1. Could you grab me the full set of residues in segment 1-26 that are closer than 23 Å to residue 87 by Cα and within 15 Å of the chain's Cα centre (by Cα)?
2. So, residue 84, is that one open to solvent by 50 Å² or more (accessible area, probe 1.4 Å) and either out of contact with any helix residue (DSSP H, G or I) (no Cβ under 6 Å at 6 or more places or on another chain) or in a loop (DSSP other than H, G, I, E, B) (or both) or not?
3. Check every one of the strands (runs of 3 or more DSSP E) wholly within segment 18-70 and list those with 3 or more residues that are in contact with a Phe, Trp or Tyr (Cβ under 7 Å, 6 or more places away or on another chain) and surrounded by 13 or more Cβ atoms within 10 Å (Cβ to Cβ).
4. Mind telling me which of the residues 53, 7, 17 ends up being in contact (Cβ under 8 Å) with a residue 40 or more places away in the chain, among the polar types (S, T, N, Q) and over 19 Å from residue 112 (Cβ atoms)?
5. Which numbered condition trips up residue 74, out of (1) open to solvent by 30 Å² or more (accessible area, probe 1.4 Å); (2) in a strand (DSSP E or B)?
Amino acid sequence: QVQLVESGGGLVQAGGSLRLSCAASQRTFVYGMAWFRHAPGKEREFVAAISWSGGSTYYAGSVKGRFTISRDNNKITVDLQMNSLKPEDTAVYYCAATKYNSNLGAVPYDYWGQGTQVTVSS
């Protein structure tokens, strides 16, 4: 069983930056990794994903150009650098991992973290 632990959430003013980090407990069965978010009253939505090698990245249109996903396979971590934050980015952010390694915006994810709150004030 793969465990994912997120860190780095918090409160920031609009226009500010935050960096989220997710650590996986093991490499086995973990290929693609991603971030999702869930805001109150909305459905959970895909934010960004990255392939095992880091050579392929995927972003939701709403965050493209502002967020950057990266990973370190030695530490088995995946980070999400969030810049130019907007109040509409406020949500609980979840790290996820999948056995798939392509088309990562549309595949099922097998493992999920507990989530970290990001709040952007206007």
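1. 6, 7, 8, 9, 10, 17, 18, 19, 20, 21, 22
2. On the way: open to solvent by 50 Å² or more (accessible area, probe 1.4 Å): yes; either out of contact with any helix residue (DSSP H, G or I) (no Cβ under 6 Å at 6 or more places or on another chain) or in a loop (DSSP other than H, G, I, E, B) (or both): yes.
Here the answer is yes, as residue 84 does meet what is asked.
3. On the way: elements: 18-24, 32-38, 45-50, 57-59.
Once the strands (runs of 3 or more DSSP E) in segment 18-70 are filtered for at least 3 residues that are in contact with a Phe, Trp or Tyr (Cβ under 7 Å, 6 or more places away or on another chain) and surrounded by 13 or more Cβ atoms within 10 Å (Cβ to Cβ), what remains is 32-38, 45-50.
4. Working: 53 fails: in contact (Cβ under 8 Å) with a residue 40 or more places away in the chain; 7 fails: over 19 Å from residue 112 (Cβ atoms).
Only one candidate passes the filter, namely 17.
5. The single condition residue 74 does not satisfy is (2).
The values are calculated or read from the model by the stated rules, or taken from the named source; none is laboratory data. A quick note: this is a predicted structure, and the numbers were derived from the prediction, not measured. FYI the Cβ positions are ideal-geometry reconstructions off the backbone, even for glycines, and counts take in every protein chain you see. Side chains included, ligands, DNA and RNA excluded: accessible areas come from the protein's heavy atoms. Shrake-Rupley method; radii C 1.70, N 1.55, O 1.52, S 1.80 Å.
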